[in-house]
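The values are calculated or read from the model by the stated rules, or taken from the named source; none is laboratory data. Quantities reported herein were computed from a predicted structural model and do not represent experimental measurements. Counting neighbours? That spans all protein chains shown, and the Cβs are built from the backbone with ideal geometry, glycine included.
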Amino acid sequence: MAKKQSKSLFRRVFRKCVRVFIILFILSNVYLIMCKWVMPPITLTQFFNLFGYGLKRDYVSWDELSPNIKLAAMAGEDQLFPDHDGFDWKALEKSLADNPKKKNKKRGAGASTISQQTAKNVFLWQGNGILRYIRKVPEFYYTKMIEWIWGKQRILEVYLNTIEMGPGIFGAEAAAQTYFGKPATQLSRAEAAMIIACLPNPKVYTVKPVSRFVRWKHQWILRQMNNLADDPDILALTRQTTETR
């Protein structure tokens, strides 16, 4: 009798858990669609920073982001961003290697694409170890979804508004104001490269005072920016017009 009651209780709990999962899954997809037009009110990373480093953030539109910060992000983090489907597949690397127009493109120093980083920043959580492995399946799903629903321009716009660019500093506008006392739309190439150089670990690789890593990395990013500046796919994603949205 006790065993039957235990099984019955387990089934009820399991069914409730499944219902909760389905509801959360549906809501997350509704949220994903909304974020095609509306910036995320707050991300998990931003929320947890409130209790430590605080939160400096000022979301801005696509046209309020300098072409230099867009170019620097792709040059430093994901040079194949305009071409891939969200992931840096080996097949894509081979096809680009065979394309003479894209011979100078390479992956940046980041461990994941801009699309993956955006999916993680907006919908999931940070962390290594077991948390990282648990995150992989939903990260794959949300990366594919934003590629299909948002498109490249929106992904880059959200990325540059939500990614941490210093301790408690989120987005290019807050970073530009904090480090250089100017809006993001006025960032020079060198300033944009310095901001992007801190992204592997913005709490350790500081822009002000400039860390040794940022001093070296920003020079590398500048060289990559010069190499990519005339690439038509890159140019299409650094324009200030919203005609392609």
Residue list for the range 166-177, filter: surrounded by fewer than 23 Cβ atoms within 10 Å (Cβ to Cβ) and either outside any helix (DSSP H, G or I) or under 12 Å from the mean Cα position of the chain (by Cα) (or both):
166, 167, 168
Set 195, 234, 169: member being of a type in the set (Val, Ile, Thr) and modelled with pLDDT of 95 or more:
195
Test residue 205 against the criterion of being assigned to a loop (DSSP other than H, G, I, E, B), surrounded by 15 or more Cβ atoms within 10 Å (Cβ to Cβ), within 19 Å of the chain's Cα centre (by Cα) and assigned by TED's automatic domain parsing to the domain that holds residue 117, and give yes or no.
yes
Give the number of residues within the range 33-74 that are in a helix (DSSP H, G or I), surrounded by fewer than 17 Cβ atoms within 10 Å (Cβ to Cβ) and among the aromatic types (Phe, Trp, Tyr).
2
Restricting the search to the range 181-196, which residues are surrounded by fewer than 18 Cβ atoms within 10 Å (Cβ to Cβ) and either in contact (Cβ under 8 Å) with a residue 12 or more places away in the chain or not assigned by TED's automatic domain parsing to the domain that holds residue 208 (or both)?
183, 186, 188, 190
Among the residues listed as 212, 245, the single one being at pLDDT below 95, surrounded by fewer than 16 Cβ atoms within 10 Å (Cβ to Cβ) and either in contact with a strand residue (DSSP E or B) (Cβ under 6 Å, 6 or more places away or on another chain) or not assigned by TED's automatic domain parsing to the domain that holds residue 117 (or both)
245
Of these, 136, 152, 217, 182, which one is among the charged types (D, E, K, R), modelled with pLDDT of 90 or more and within 23 Å of residue 28 (Cβ to Cβ)?
152
Just to be sure I understand the filter: pairs with C-beta atoms under 9 Å, separated by 6 or more residues or on different chains, first member in the range 12-34 and of a type in the set (Gly, Ala, Ser), second member surrounded by 11 or more Cβ atoms within 10 Å (Cβ to Cβ) and assigned to a helix (DSSP H, G or I). Which pairs pass?
28/123; 28/138; 28/142
Would you call residue 141 in a loop (DSSP other than H, G, I, E, B), farther than 21 Å from residue 47 by Cβ and free of Cβ contacts under 8 Å to residues at least 60 places away in the same chain?
no
I'm told residue 154 meets every condition in (1) in a helix (DSSP H, G or I); (2) farther than 19 Å from residue 239 by Cα except one. Can you identify the failing condition by its number?
(2)
